[in-house]
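The values are calculated or read from the model by the stated rules, or taken from the named source; none is laboratory data. What you see is a predicted model; the values in this text were computed from it and never measured. Here Cβ is always computed from backbone atoms with ideal geometry, including for glycine, and neighbour counts include all displayed protein chains. These accessible areas exclude ligands, DNA and RNA; they are computed on the full protein's heavy atoms, side chains included. Shrake-Rupley method; radii C 1.70, N 1.55, O 1.52, S 1.80 Å.
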Amino acid sequence: MRRKIVMGNWKLNGTKESVEALLTGILPAAQATTTADVAVCAPDIFIDQVSRKLADTPIAWGAENNDVHTSGAYTGETSPTMLKEFGCTYVLVGHSERRQYHGESDASCAHKYALLQEHGLIPVLCIGETLEERESDRTNDVIRKQLAPVLNDLGVETLKNAVIAYEPVWAIGTGKAATKEMAQEVHAFIRQLIAEKSAEVAQGVQVLYGGSVKGANAVELFAQEDIDGALVGGAALIVEEFDAIIKAAG
Ligand SMILES: O=C[C@H](O)COP(=O)(O)O
């Protein structure tokens, strides 16, 4: 039985005041759940605040990105070792916004993924097709290609210390979530690809769904056999919504 994960991705949002209010607001639900892990991925500028606020709470925190170097002349970057020092658990890798606006490739994502694991952090590998790719029936090809560097080069065993987030690009921030059937179909395909290498790893890996998850659709998404939680954007910024999503996870 895989535990669910409800993970927020704040993206480029927040103020010191809103971070304080949000974390205070979601804490009771995070403390109450026995079947889900709760986490928030924050912009780097809030990491010190978040790590202090969440110390001795069941809420884990993550970063939204990391550099591929651990130190050096790389202005503006944050390294896995810095994140680790502050108590980071998860780091998003290859979110579609990073792929779109920062030119991240499947290969560079795999590089980051490997480096994070080397430093004891858990990569959350984000994959998913665009609308054009779905409409031209290429969803499975895209998923296979995005997973290939991890499955074929780094090795299936690395997925024992990683999380996958399936986020169809067309569902992100649009209010049009994938239906539970559409999401389940892709999640099952992801698990099947992994099972071709290792049935044991495929059974254990947590695959989150992301894309317009809200309190109102979380229950039906979480009821699907291969959906192990959610990576939540907009609704993760609203206490009532994120609270409802945590409760939907059990
Ligand atoms: O990482 C989160 C996703 O991009 C989903 O964002 P959204 O919930 O605002 O659609």
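Residue check: Asp56 meets all listed conditions (1) open to solvent by 20 Å² or more (accessible area, probe 1.4 Å); (2) under 25 Å from Glu167 (Cα atoms); (3) not hydroxyl-bearing (Ser, Thr, Tyr) but one, namely (2). Of the helices (runs of 4 or more DSSP H) contained entirely in the range 1-102, those carrying at least 2 residues that are more than 16 Å from the ligand (Cβ to nearest atom) and farther than 15 Å from Leu116 by Cβ fall at 16-32, 47-54. Within the range 198-240, the residues that satisfy the criterion of being in a helix (DSSP H, G or I), open to solvent by 40 Å² or more (accessible area, probe 1.4 Å) and within 12 Å of the ligand (Cβ to nearest atom) are Gly234, Leu237. Only one of the numbered conditions (1) among the acidic types (Asp, Glu); (2) in contact with a Ser or Thr (Cβ under 7 Å, 6 or more places away or on another chain); (3) surrounded by 18 or more Cβ atoms within 10 Å (Cβ to Cβ) is violated by Glu64, and that is (2). Within the range 137-150, is even one residue in a strand (DSSP E or B) and in contact (Cβ under 8 Å) with a residue 40 or more places away in the chain? Among the residues of the range 137-150, not one is in a strand (DSSP E or B) and in contact (Cβ under 8 Å) with a residue 40 or more places away in the chain, which makes the answer no. Surrounded by fewer than 17 Cβ atoms within 10 Å (Cβ to Cβ), more than 17 Å from the chain's Cα centre (by Cα), without any contact (Cβ under 8 Å) to a residue 40 or more places away in the chain and at positive phi: does that describe Gly87? Taking the combined requirement at face value, the residue satisfies it.
Taking into account only those residues within the range 178-197 that are open to solvent by 30 Å² or more (accessible area, probe 1.4 Å) and either at pLDDT below 95 or in contact with an Asp or Glu (Cβ under 7 Å, 6 or more places away or on another chain) (or both), which is nearest to the ligand (Cβ to nearest atom)?
Per the criteria, the residue is Lys180.
For the range 4-28, name all the residues that are surrounded by fewer than 20 Cβ atoms within 10 Å (Cβ to Cβ) and either touching a Gly at 6+ places or on another chain (Cβ under 8 Å) or hydroxyl-bearing (Ser, Thr, Tyr) (or both). Answer for the range 4-28, where residues must be surrounded by fewer than 20 Cβ atoms within 10 Å (Cβ to Cβ) and either touching a Gly at 6+ places or on another chain (Cβ under 8 Å) or hydroxyl-bearing (Ser, Thr, Tyr) (or both): Lys11, Thr15, Ser18, Thr24.
From Glu129, Glu118, grab the single residue that is of a type outside the set (S, T, N, Q) and under 26 Å from Ala60 (Cβ atoms). After ruling out the rest, the residue left standing is Glu118. Among the residues of the range 29-44, the ones that are open to solvent by 60 Å² or more (accessible area, probe 1.4 Å) and in contact with a Pro (Cβ under 9 Å, 6 or more places away or on another chain) come to 1 in all. For the range 153-175, does any single residue satisfy the condition of being within 16 Å of the ligand (Cβ to nearest atom), without any contact (Cβ under 8 Å) to a residue 40 or more places away in the chain, surrounded by fewer than 20 Cβ atoms within 10 Å (Cβ to Cβ) and not in a helix (DSSP H, G or I)? Yes, some residue in the range 153-175 is within 16 Å of the ligand (Cβ to nearest atom), without any contact (Cβ under 8 Å) to a residue 40 or more places away in the chain, surrounded by fewer than 20 Cβ atoms within 10 Å (Cβ to Cβ) and not in a helix (DSSP H, G or I).
For the range 180-197, a tally of residues being in contact with a helix residue (DSSP H, G or I) (Cβ under 7 Å, 6 or more places away or on another chain) and in a helix (DSSP H, G or I) returns 9.
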